[in-house]
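The values are calculated or read from the model by the stated rules, or taken from the named source; none is laboratory data. Not measured: the values here are computed from a predicted model. Positions of Cβ are backbone-derived with ideal geometry, glycine not excepted, and every protein chain shown enters the neighbour counts.
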Amino acid sequence: MKLSVLIPIYNVDKYLEECLSSIQNISYKDVEIICINDGSTDASKDIIDTFCKTDERFIILDKMNSGYGDSLNRGLDIAKGEYVSILESDDTINIAVLEEMLSIAENKELDIVKANYNLLYEDRIEPFQNFKDVTYNEVFCPTEHWNVFLSAPAIWSAVFKREFLVENKIKFLATPGASYQDTSFMFKCWCNASRVLLINDYLINYRQTNENSSSNSSKKIFDILNETNEMKSYVMRNKKLDILPICMRTKWQSFAWTLNRLINTEDKLLFLLKVHEDIIIDFYEGCFEKTYWDESNWNIVFNIICDFGKIITASGYSHSEKNIIHSIVNNTLNGRIVEIDLSYNVENIEIDKLYVINSSLVGYENIVNVFVKKNMRNYLVL
């Protein structure tokens, strides 16, 4: 079997037929297209069954809902192909590019071949360059050319040698209901691969208008922390300490990407606080090396660690709201009971909840909930 294509599917009947039709056009006969139905309650299973009846290359793996990571792990467990590719059930694939990637992978004996992708909107397609400061069409080792770690995980824009995944025991985090589960998976791939090649072509049409996509949910913003924690744990478990500074830079890339996706102001601040808690530990454990950082990102991270008040300005508050927040931050870092009269500063401003880090305490771990009400005094015990 040349190729196993894994398609995790959950309640996506609006786009599924278009997706399956796109992969059906592949010219290879020795291909299995494993449709992993994750307990869909819409017409997705009926659509899969139709393809299975008319094309023996389609296989259905029907199971109760257990999430994206577990679905792909189940698919990997039964895959028989020499190579593995992943296709999201609301995207479409460019067959000519896929077949080119398979040929390159085989001829050059590669662990991974990766491509760019298109952003698919309702009315247009925009090419997206995922890689920065890399060389195309040359075989390389990711740990020696670490900038590739900073690209979006985009596991569906790659072809993996299945033996490589099996030998290195690379699996997804099987966290039910979580998002961003490609993050630690791709990190582990980069850590272990010795022969990788990038092509400057566009494999996937990555849909941007699926309102049901899990990555569009602000309720799942903290799922990325599960993935970044797994990245660090993986490095420590496998004693790959030389990769630890790259892991830190990659973690921040994931945090920054998530922060930029958030629209709601409170979500941004909540997320920044969690990032602060996370990276302050890494910093004092000596995990950071400035060599891997450009000046802009290093300054942002350093401010998150040492002067959180400055970072609040990036959270989308109005000028008056920032004054209030800074007042609280500046008056509560001494670890004492503080009385703050905010009545002069809160007219026509509604703030339900603020969060303040007490950086005077060991570990910088204390988060204090500050409830700000119009014309009220607030007593903060830190």
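Only residues in segment 137-165 that are within 23 Å of residue 247 (Cβ to Cβ) count as the first member; pair them with residues that are modelled with pLDDT under 95 and surrounded by fewer than 16 Cβ atoms within 10 Å (Cβ to Cβ), Cβ under 6 angstrom, at least 6 apart or cross-chain, and list the lot. Note: pairs meeting the criteria are 147/133.
Table: residues versus (1) touching a residue at least 24 places away in the same chain (Cβ under 8 Å); (2) among the aromatic types (Phe, Trp, Tyr); (3) surrounded by 16 or more Cβ atoms within 10 Å (Cβ to Cβ); (4) outside any loop (DSSP other than H, G, I, E, B).
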{"site": "1", "(1), (2), (3), (4)": "yes, no, no, no"}
{"site": "23", "(1), (2), (3), (4)": "yes, no, yes, yes"}
{"site": "29", "(1), (2), (3), (4)": "yes, no, no, no"}
{"site": "33", "(1), (2), (3), (4)": "yes, no, yes, yes"}
{"site": "36", "(1), (2), (3), (4)": "yes, no, yes, yes"}
{"site": "40", "(1), (2), (3), (4)": "yes, no, yes, no"}
{"site": "47", "(1), (2), (3), (4)": "yes, no, yes, yes"}
{"site": "50", "(1), (2), (3), (4)": "no, no, no, yes"}
{"site": "65", "(1), (2), (3), (4)": "yes, no, no, no"}
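Residues of segment 119-165 that are surrounded by fewer than 14 Cβ atoms within 10 Å (Cβ to Cβ) and assigned to a helix (DSSP H, G or I): 163 alone.
Could you go through segment 67-88 and let me know if any residue there is in contact with a Cys (Cβ under 7 Å, 6 or more places away or on another chain), among the β-branched types (Val, Ile, Thr), surrounded by fewer than 22 Cβ atoms within 10 Å (Cβ to Cβ) and more than 30 Å from residue 134 (Cα to Cα). There is no residue in segment 67-88 that is in contact with a Cys (Cβ under 7 Å, 6 or more places away or on another chain), among the β-branched types (Val, Ile, Thr), surrounded by fewer than 22 Cβ atoms within 10 Å (Cβ to Cβ) and more than 30 Å from residue 134 (Cα to Cα). Of all residues in segment 260-301, those that are loosely packed, with under 15 Cβ neighbours inside 10 Å, in a helix (DSSP H, G or I) and out of contact with any helix residue (DSSP H, G or I) (no Cβ under 9 Å at 6 or more places or on another chain) total 4.
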